[in-house]
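Worksheet: one structure, shown below.
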Amino acid sequence: MAFDSNLSGTTELDARLVQAYNQEFIISGNLERGIQSTATIKDSIAGKAEEFVLYTKLTKQTSAMTEDDAATSQSMADTKVTITPAEYGTVVTQTRLVQLQSGDMATRGAFAVTGTNMRESVENKMILIGEAGTNELIVTQAAEASLTSSDTLTGAYVAYAFNRLRRLGIPQPYFAIAHPDVVYDLKVETAATGWLSQNQYNPDGRLEILDGEIGMFGGFRWIESPLVTVNADAGASAVDTYHCQFYGQNAFGYVASEAPHPTLAQNDKMNRFYHIGWYGVYEFGIVDANAHTLVTCASSIGANT
């Protein structure tokens, strides 16, 4: 017979256990405030490629029209960028025995690490796409291979990036993504002068503050990310280099036919193996190259050896 008709076991508390696992994943893998939200987003049907269309601006009209003449039509021109979603994901396989012997702590840990991996993988993919951009300025040097440890990002180069976007008429807001080493040098060079805190440029809380967003400087909302690539020994005398990204509206496109999400599966005869992971069908791409600028620099606190 049953030990107690009011027993509180895994059957009765199954929903609570699932909620605890999901909570671990949600905390670690939250994508709601990730940098992908700054991209132009399209949903893809059945995993098919999606087209992002850019229209060339019409000629500005500065001459008055005559009363009895019909307006002359202008021809429209467009270009398109195609982004095809692909499968991404990973999985951790645990045995039932390790779950039992760890008091299910190993399971919660698996949801936490796979959630973190999903968030970092999505962010890193967008960063890598941007680092392959073609509009590049190298700090004080003619080539990345010539950068020295003193060729760090300064306010003057931030102003240049801002000017480039503004002169091309790229709509705001503008964002900058940089490695913590680069942000350190910039703050030292500017003595933190000119930096606005989130409370200063978002006093009413209407803006969604992104993960890693540290403030505003030079007209850009800055996102500090350790996932920015450190190009080891790419400069002169084994100096490490970094790509800082400055971009505005429509710089990035993001296509998803199945948004990244947690997965849990059992597929053996005795339910002894648990596969905990994440899966998504998505892709990033640069849509408007004019809206994206790279500034390549070194850092005084890079490894540089």
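We did not get these values from a lab; they are worked out from the coordinates using the rules stated. These figures come from a predicted structure and were not determined experimentally. Glycine gets a Cβ as well: all are built from the backbone with ideal geometry, and neighbour counts include every protein chain shown.
Rg and Dmax of segment 224-299, using alpha carbons, in Å: what are they?
19.8, 59
Which helices, counted as full DSSP H runs in the chain, have an axial Cα extent of no less than 20 Å and a Kyte-Doolittle average of 0.0 or above? Walk me through the intermediate numbers first.
Values: long enough: 14-28 (22 Å, -0.05); 105-131 (38 Å, 0.02).
Helices meeting the span and hydropathy rule in the chain are 105-131.
To make sure I understand, if each residue's beta carbon is the centre and we count other beta carbons within 10 Å, what order do LEU100, LEU137 fall in, fewest to most? Present the calculation step by step, with values, prior to reporting the outcome.
Details: LEU100 10, LEU137 15.
Arranged by neighbour count, lowest to highest, LEU100, LEU137 become LEU100, LEU137.
Select from segment 164-251 those trypsin sites (Lys or Arg not before Pro) which occupy a DSSP coil region and have at most 11 other Cβ atoms within 10 Å, ordered by residue number. Please report the intermediate quantities before stating the final value.
Working: sites: ARG164, ARG166, ARG167, LYS187, ARG206, ARG221; in loops: ARG206.
The qualifying sites are ARG206.
Which of rounded, prolate or oblate describes segment 187-259 when judged by the alpha-carbon gyration tensor and an a/c cut-off of 1.5? Don't skip to the answer; put the middle values down first.
On the way: a/c = 2.55, a/b = 1.20, b/c = 2.13.
It is oblate, given that a/c is not under 1.5 and a/b is not larger than b/c.
Between ALA132 and MET76, what's the calculated FRET efficiency when r is the beta-carbon distance and R0 is 22 Å? Round to 0.05. Let's see the in-between values first.
Numbers: r = 30 Å, r/R0 = 1.35.
In this case the efficiency is close to 0.15.
Could you check the spin-label model distance between ALA86 and ALA159? Points 7 Å from the Cα along Cα→Cβ, value in nm.
Reported label-point gap for ALA86 and ALA159 is 4.1 nm.
Mark the label point 7 Å from the Cα of LEU97 along Cα→Cβ and return the residues of segment 240-284 whose backbone N is within less than 20 Å of it.
266-276, by backbone N distance to the label point.
Arranged by the count of other C-beta atoms within 10 angstrom, fewest first, what order do LYS57, LYS48, LYS42 take? Mind dumping the intermediate values first?
Values: LYS57 7, LYS48 10, LYS42 16.
Ordered from fewest to most neighbouring Cβ atoms within 10 Å, LYS57, LYS48, LYS42 come out as LYS57, LYS48, LYS42.
Can you give the Rg and Dmax of segment 86-242 based on its C-alpha atoms, in angstrom?
20.0, 63
In debye, nearest 20, what is the charge dipole magnitude of the chain about its Cα centre with +1 on Lys and Arg Cβ and -1 on Asp and Glu Cβ, if you could check? Don't skip to the answer; put the middle values down first.
Values: 19 positive and 34 negative charges, 31 e Å.
Computed about the Cα centre, the dipole is about 140 debye.
Given points 7 Å out from each Cα along the Cα-Cβ axis, report the GLN141 to LEU58 separation in nanometres with one decimal.
4.8
Based on DSSP H runs of at least 4 residues, each adding -39500 (n - 2.57), what is the mean residue ellipticity at 222 nm of the chain after dividing by all its residues, to the nearest 500 deg cm²/dmol?
Numbers: 6 runs with 76 residues, N = 305.
-8000 deg cm²/dmol, from helical runs alone.
Does segment 35-160 classify as rounded, prolate or oblate by the C-alpha gyration tensor (a ≥ b ≥ c root eigenvalues; a/c under 1.5 gives rounded; else a/b over b/c gives prolate, otherwise oblate)? Could you put the intermediate results ahead of the total?
Values: a/c = 3.80, a/b = 1.74, b/c = 2.19.
Oblate shape, in that a/c is at least 1.5 and b/c is the bigger or equal ratio.
Starting from the Cα-Cα distance between SER150 and LEU168, subtract it from 0.36 nm times their residue separation and give me the gain in nm to one decimal.
Full extension from SER150 to LEU168 adds 3.4 nm.
How would LEU165, LEU97, LEU147 line up from fewest to most surrounding beta-carbon atoms within 10 angstrom? The partial results should precede the final answer.
Values: LEU165 23, LEU97 9, LEU147 26.
The order, fewest Cβ neighbours first, is LEU97, LEU165, LEU147.
Cross-chain or 8 or more residues apart, Cα under 22 Å: how many lysine pairs in the chain fit that? Count them up, please.
Numbers: LYS42/LYS80; LYS42/LYS125; LYS48/LYS80; LYS48/LYS125; LYS57/LYS80; LYS80/LYS125.
Lysine pairs satisfying the spacing and distance rule in the chain number 6.
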